[in-house]
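Heads up, the thing below is written out as structure tokens.
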There are 2 protein chains.
Amino acid sequence: MSVNMKSSAIAHSNIAIVKYWGRSPSHDPKMNIPLNDTVSMTKYGLMKDTRLQAHTTVHLSDDYSKDIAILGGETLTGKGMERILNVIEPLRERANIDCRFKMMSENDFPTQAGMASSAAGFAALAIAAVDALNINLSKEEISTYARLGSGSAARSIHGGFVFWNQGDSHETSYAKQICGPDEFDMGAVIAIVSEEKKSITSDIGHESARTSPFNKVRIKKSQEQAWEARKAVLDNDFSKVGKIAEENCKYMHFIMMTSDPPLFYWNPDTLRVIKTIQRTRKEEGLECYFTVDAGPNVHSLCRSEDIYELQKLMEKTEGVKKTISVKPGDDSCTTEKHLF
Amino acid sequence: MSVNMKSSAIAHSNIAIVKYWGRSPSHDPKMNIPLNDTVSMTKYGLMKDTRLQAHTTVHLSDDYSKDIAILGGETLTGKGMERILNVIEPLRERANIDCRFKMMSENDFPTQAGMASSAAGFAALAIAAVDALNINLSKEEISTYARLGSGSAARSIHGGFVFWNQGDSHETSYAKQICGPDEFDMGAVIAIVSEEKKSITSDIGHESARTSPFNKVRIKKSQEQAWEARKAVLDNDFSKVGKIAEENCKYMHFIMMTSDPPLFYWNPDTLRVIKTIQRTRKEEGLECYFTVDAGPNVHSLCRSEDIYELQKLMEKTEGVKKTISVKPGDDSCTTEKHLF
């Protein structure tokens, strides 16, 4: 019997409220077991052309003589291909299907610029691969496979607000939903100050995090913050979630800057936007909080009613090239539309 | 017998290699007992009009009906006057002289802009007051009185490279010289990105430091770094001193930014200069290291032979309003020239 299995999926990027930075040294680094529980919001762009989605098609067929993965028109090799295989190999094994695949994936937003493009991409890949291989898995189980491609991809399996349980094994390090996209009122304006690719990938940073003398304190605090943030989301306490996000973001960037080698993802415009957000909160009474992933761009978290005013303020800020406003996104899911 | 005692002194600013940030909670905050030993270089500006000096005259006379202190033409009141009295009161008591004083002080550089103007000012005040009151004290002893005005002023009593022993009492928290200005080859280019007065004085920050969850680790590391820096100065190891300065500076600013309330002394141009220094070291082979005091301006430490090239690079950097190049300065001392 010849194999011919195809599925496509879409998944959304997410912004961490309590960050994933650094991998557990007790496990194979490929497993992406984090150092603490983390919390995020799955993002859905308010503009039609920038939903912050990845769209991925996986096709397994006897016709292919080797595994192929194409991201944004470019054929992946080396580390890039390795990460795709980290997700697909164990699923192919689990399904007991031994044939080659072709993957094609497209993002509607810049890759490797600290926009969590890999989170969306690997979540979509896991959903599509599980569906193509016809494996019956819960979303939590699928999230463990997404994690093998990129840690934070585990969270993008779910919509709304998500808790990634650190765990201490492949099975126990999974993401689960805290609440759906309509159950907690928060949005964000992303201030893009640079669309350049990062000179240092997060991958290197996850390894060097432990060289910072402050890392142990950060892990302890982050663990507390993850549970506080979860509770604050369920309590519908935006101020609390925002404050935690801002503190936790600073912690991560200070670990980065005090690691060996030091990683300075902030650029001058990042700091300008951060200061604008602080001033807006203090002087204009518009309650907003900053958070920055592993890149220079700044997310300003706010209540949904404040998104447009905040977007206008961000657009006026020196150094901001463009803005993307987002609300909480839905679960990742399969789609009828195939990329090839 | 009527009292008529007058003396003038000059003292130089200093740049901390291992910073003073936060006061010991076991002592009266007015004592400025630090949380760790600290290390600095006393600075002498290479341009005639900007030596980074304070020039202070103290006159004790029965003719005065009240204590008066004038800094840069402005009569001090409130907190400013209180700090002057913190230095003069115990000295007046020690000399057993009960009459009023007039103080006049001038800096040849901007005050309260993170340029350690108070370090120079209070060092000059202590020297002048001790001399006017005709008290016989060692420089180490004088440094304890300078400390009562501004912690880092203790270090400005000495020239060259200075170690401020944390201590656990007024007498034991003193500064001593590690080596003279010509015994270790280091200079600095100060990139001025703002001459505005700080919106938050260091004084407030010294109290809030303990609210950062990272402060304990910083204290422990700073204590190690102070002794490593001392040894590196004596070993004539510029690279080591530079690396310690850069790390320790980051530690202090991260404590500031993670304190409650958070203090962001860096501005976008601060970060731009920091990145220029990192790039210069990496790509141009000019060995330089950044350090930033409680303000936005950046010191770039380098070997004396590199000062002019580094100055040219700094002057070309966007956001740099002007530069001040410095070499290690001499001891503070009395001067024949009185301000009134």
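The values are calculated or read from the model by the stated rules, or taken from the named source; none is laboratory data. All of these numbers come straight from a predicted model, not from anything done at the bench. Because the Cβ atoms are built from the backbone with ideal geometry, glycine has one as well, and the counts that use them run over all protein chains shown. We work out accessible area using only protein heavy atoms, side chains counted, and drop any ligands, DNA or RNA first. Shrake-Rupley method; radii C 1.70, N 1.55, O 1.52, S 1.80 Å.
Annotations
- Scan of the range A:207-216 for residues that are touching a helix residue (DSSP H, G or I) at 6+ places or on another chain (Cβ under 6 Å) and at the interface with another protein chain (Cβ under 10 Å from one of its Cβ atoms), ordered by number: A:212, A:213, A:214, A:215
- Taking the criterion of being open to solvent by 30 Å² or more (accessible area, probe 1.4 Å) and modelled with pLDDT of 95 or more, the residues of the range B:39-49 that qualify are B:44, B:46.
- Residue satisfying all of: in the range B:185-218; out of contact with any strand residue (DSSP E or B) (no Cβ under 9 Å at 6 or more places or on another chain) and of a type in the set (A, V, I, L, M); modelled with the highest pLDDT among these: B:217
- Residue within the range B:265-281 that is assigned to a loop (DSSP other than H, G, I, E, B) and of a type in the set (Asp, Glu) present: no
- The set of residues in the range B:31-64 that are in contact with a strand residue (DSSP E or B) (Cβ under 9 Å, 6 or more places away or on another chain) and among the charged types (D, E, K, R) comprises B:37, B:43, B:51, B:62, B:63.
- Only one of the listed residues (A:309, A:315, A:336) is free of Cβ contacts under 8 Å to residues at least 12 places away in the same chain, open to solvent by 60 Å² or more (accessible area, probe 1.4 Å), more than 14 Å from chain B (Cβ to nearest Cβ) and among the acidic types (Asp, Glu). That residue is A:315.
- Flag for residue B:166 being within 14 Å of chain A (Cβ to nearest Cβ) and either in contact with an Asp or Glu (Cβ under 9 Å, 6 or more places away or on another chain) or under 27 Å from residue B:124 (Cα atoms) (or both): no
- Number of the exception - residue A:184 against (1) assigned to a loop (DSSP other than H, G, I, E, B); (2) open to solvent by 20 Å² or more (accessible area, probe 1.4 Å); (3) hydrophobic (A, V, I, L, M, F, W, C): (2)
- Odd one out for residue A:299 among (1) open to solvent by 30 Å² or more (accessible area, probe 1.4 Å); (2) closer than 17 Å to residue A:42 by Cα: (1)
- Residue in the range B:86-105 that is closer than 29 Å to residue B:325 by Cα and in contact with a Leu (Cβ under 8 Å, 6 or more places away or on another chain) present: yes
- Tally, over the range A:50-75, of residues that are out of contact with any Ser or Thr (no Cβ under 8 Å at 6 or more places or on another chain) and either under 18 Å from residue A:109 (Cβ atoms) or loosely packed, with under 10 Cβ neighbours inside 10 Å (or both): 6
- Exactly one residue out of A:145, A:174 is open to solvent by 30 Å² or more (accessible area, probe 1.4 Å), out of contact with any Lys or Arg (no Cβ under 7 Å at 6 or more places or on another chain) and over 29 Å from residue A:272 (Cβ atoms), and it is A:174.
- Taking the range B:36-135 and the strands (runs of 3 or more DSSP E) fully enclosed by it, the elements with 2 or more residues that are within 22 Å of residue B:172 (Cα to Cα) are at B:38-45.
- Some residue of the range A:251-262 being touching a Pro at 6+ places or on another chain (Cβ under 9 Å), in a loop (DSSP other than H, G, I, E, B), within 12 Å of another protein chain (Cβ to nearest Cβ) and open to solvent by less than 10 Å² (accessible area, probe 1.4 Å): yes
- Among the residues of the range A:268-291, the ones that are open to solvent by less than 30 Å² (accessible area, probe 1.4 Å) and at the interface with chain B (Cβ under 7 Å from one of its Cβ atoms) come to 2 in all.
- Restricting attention to the range B:217-250 and to residues that are facing chain A (nearest Cβ under 10 Å) and not basic (Lys, Arg), the residue that is farthest from residue A:269 (Cα to Cα) turns out to be B:224.
- Residue B:254 in contact with a His (Cβ under 8 Å, 6 or more places away or on another chain) and at pLDDT 95 or above: no
- Taking the range B:187-214 as the range and being polar (S, T, N, Q) and under 27 Å from residue B:327 (Cβ atoms) as the test, the residues that pass are B:194, B:202.
- Consider the range A:187-206 and keep the residues that are within 14 Å of chain B (Cβ to nearest Cβ) and assigned to a loop (DSSP other than H, G, I, E, B). The one that is most open to solvent (accessible area, probe 1.4 Å) is A:196.
- The set of residues in the range A:212-250 that are among the hydrophobic types (A, V, I, L, M, F, W, C), assigned to a helix (DSSP H, G or I), buried (at least 16 other Cβ atoms within 10 Å of the Cβ) and touching a residue at least 24 places away in the same chain (Cβ under 8 Å) comprises A:219, A:226, A:229, A:233, A:238, A:241, A:244, A:245, A:249.
- When we screen A:94, A:100, A:83 for residues that are touching a Phe, Trp or Tyr at 6+ places or on another chain (Cβ under 6 Å) and open to solvent by 60 Å² or more (accessible area, probe 1.4 Å), the only hit is A:100.
- Evaluation of residue B:163 against (1) open to solvent by 20 Å² or more (accessible area, probe 1.4 Å); (2) touching a Lys or Arg at 6+ places or on another chain (Cβ under 6 Å); (3) modelled with pLDDT of 95 or more (one fails), failing number: (1)
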